[in-house]
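Worksheet: one structure, shown below.
The values are calculated or read from the model by the stated rules, or taken from the named source; none is laboratory data. Values in this document were obtained by computation on a predicted structure and should not be read as measured data. Neighbour counts are summed over all protein chains in view; Cβ atoms, including those assigned to glycine, are modelled from backbone coordinates with ideal geometry. Only protein heavy atoms, including side chains, enter the accessible area calculation; ligands, DNA and RNA are left aside. Shrake-Rupley method; radii C 1.70, N 1.55, O 1.52, S 1.80 Å.
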Amino acid sequence: MSSGVEAEIVLDAAVIASLGMNRLLGAGANAGSKTAEVLAALAEKKAGGRAEALAEVERYERALREVIDRNARIRALGDVLRRTHQEHGVVLSVPLPAELNFTGAEDYGELVTWCAAVDEALDKAERAIAEELGRLVTAQLKTPANRSEDLSRVLSRLLPDTSEADRRRVQEAAVRVAQATTDAEAEAMLSEVRLRVQEAGKNVKAERERLKAWALEQDRLAQAEAERQYILATVTKTFEELGYQVDTGFSTFVPVEGSLLLTRSEWPDQAVRMQLDDSTLRAKMMRTRPALSEDDRRRDAEREREWCDAFEAAKERLREDGLDMALTWRLEPGAEELPLGAQSTTTTTQKKNKPRERRLEH
């Protein structure tokens, strides 16, 4: 083993799925128990059964995401009803389904059944809101009777989540329909309303796609952060169990997010600095003060060998917790004098040490 390493952390799929479920269910006790239940069930499975169990977990997680999407639609339509009341003083009598405040106790079938029922209710509510708004605008414009039915029908195609700017453009054309002095002029302006409604519909769909992409990106970032925090917490726990003191707020170095400092009571002059960047973990033994004698350097070599043994033991323990390390770089013990703690262990330093590095093939 070596006194300096760079490794790619590969998380077990079960850990990734459980972290995702934790985020979707929230931080409550039910979420924790659900995750523990999932991991315990997976731990009992052999290779074939484990794959099947993991597929069930991933399917359940997808169902949770579908519930979240429906809850978001329910809130969006509720916002439309409140805005209509505020702006027009009219309460639209369109019932909306209640959101599902899931706890993790629901099984997969319950979630799928709820989503299917809510889809039907939401589609019906969306059409009803659009029709109500179409009639409301037509009535407020005091459209002549011979035009009101046609105008109301066209306006009912305006989706409830149309932007305010597009809604104003449609209403401007609708006003001209109501004000037209001839049937021919009214028909021409009605065609303009149809075009603006169609354009607004395209804009709504584009905005929905944009919001969906944004939500997916936020979910990806949240998942990456959850995985990073899990890695840091698990690495910290593992080395503490091996007798190391693990500190993230050390005073003799510049703290960097994702940095850990490992020390031992019997190591007055040495420490190991770890840095987690995304899924890359770097570790390097260093000195906390300059070496002044050959005895200091001899003790450094002893500490390096101790650290190498500890790192091997930690790798096995981390694997049991769903963290696998794929080494991409290592520096052999004794290849160089230990650097002082102020020196960087990032790629820049690694390149400087390259003549004495040993590359590992995947």
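For Ala224, indicate whether it is under 30 Å from Asp79 (Cα atoms) and of a type in the set (Gly, Ala, Ser). Give the derivation first.
Values: under 30 Å from Asp79 (Cα atoms): no; of a type in the set (Gly, Ala, Ser): yes.
So Ala224 fails the test.
Would you confirm, using the coordinates I've provided, whether Val91 is among the hydrophobic types (A, V, I, L, M, F, W, C), assigned to a loop (DSSP other than H, G, I, E, B) and modelled with pLDDT under 95?
Details: among the hydrophobic types (A, V, I, L, M, F, W, C): yes; assigned to a loop (DSSP other than H, G, I, E, B): yes; modelled with pLDDT under 95: yes.
The answer is yes for Val91.
Among the residues of region 290-337, write down those that are closer than 19 Å to Ile231 by Cβ and without any contact (Cβ under 8 Å) to a residue 24 or more places away in the chain. If you could, list the steps in order and put the result at the bottom.
Residues of region 290-337 closer than 19 Å to Ile231 by Cβ: 310-329.
Across region 290-337, the qualifying residues are Lys315, Glu316, Arg319, Glu320.
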Quiz item: Only one of Val235, Val175 is buried (at least 18 other Cβ atoms within 10 Å of the Cβ) and among the β-branched types (Val, Ile, Thr); which?
Solution: Val235
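Kindly provide the set of residues from region 257-295 that are in a loop (DSSP other than H, G, I, E, B), farther than 22 Å from Leu11 by Cβ and of a type outside the set (Ser, Thr, Tyr), ordered by number.
Keep residues of region 257-295 that are in a loop (DSSP other than H, G, I, E, B), which gives 257-258, 264-269, 278-279, 288-293.
In the following step, the residues that additionally are farther than 22 Å from Leu11 by Cβ were identified as 264-269, 288-293.
If the condition is that a residue be in a loop (DSSP other than H, G, I, E, B), farther than 22 Å from Leu11 by Cβ and of a type outside the set (Ser, Thr, Tyr), then Arg264, Glu266, Trp267, Pro268, Asp269, Arg289, Pro290, Ala291, Leu292 are the ones that fit.
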Practice problem: State all residues of region 56-101 that are among the aromatic types (Phe, Trp, Tyr) and open to solvent by 50 Å² or more (accessible area, probe 1.4 Å); if no residue qualifies, say none. | Solution: none
Quiz item: Say we look at region 243-264 and pick out the residues that are open to solvent by 20 Å² or more (accessible area, probe 1.4 Å) and at pLDDT 90 or above; which of these is farthest from Glu302 (Cα to Cα)?
Solution: Val246
Quiz prompt | region 265-322: number of residues that are touching a strand residue (DSSP E or B) at 6+ places or on another chain (Cβ under 7 Å) and either among the polar types (S, T, N, Q) or surrounded by fewer than 16 Cβ atoms within 10 Å (Cβ to Cβ) (or both) | solution = 6
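Please work out which residue is modelled with the lowest pLDDT, limiting yourself to region 102-119 and to residues that are acidic (Asp, Glu) and open to solvent by 50 Å² or more (accessible area, probe 1.4 Å).
Initially, region 102-119 is screened for residues acidic (Asp, Glu), giving 106-107, 110, 119.
Remaining after also requiring open to solvent by 50 Å² or more (accessible area, probe 1.4 Å): 107, 110.
On the way: Asp107: 85, Glu110: 92.
By that ranking, first place goes to Asp107.
Condition check: of a type outside the set (Val, Ile, Thr), closer than 24 Å to Leu24 by Cβ, at pLDDT below 90 and touching a helix residue (DSSP H, G or I) at 6+ places or on another chain (Cβ under 9 Å). Does Glu99 satisfy that? Outline the logic, then answer.
Working: of a type outside the set (Val, Ile, Thr): yes; closer than 24 Å to Leu24 by Cβ: yes; at pLDDT below 90: no; touching a helix residue (DSSP H, G or I) at 6+ places or on another chain (Cβ under 9 Å): yes.
No, not satisfied.
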Practice problem: Residue by residue through region 303-362, note down the ones that are at pLDDT 85 or above and acidic (Asp, Glu). | Solution: Glu304, Glu306, Asp309, Glu312, Glu316, Glu320, Asp321, Asp324
Quiz item: Which residue pairs have Cβ atoms under 6 Å apart, sit 6 or more places apart or on different chains, and have a first residue in region 108-131 that is of a type in the set (Asp, Glu) and a second that is modelled with pLDDT under 95?
Solution: Glu126/Pro160; Glu131/Ser156
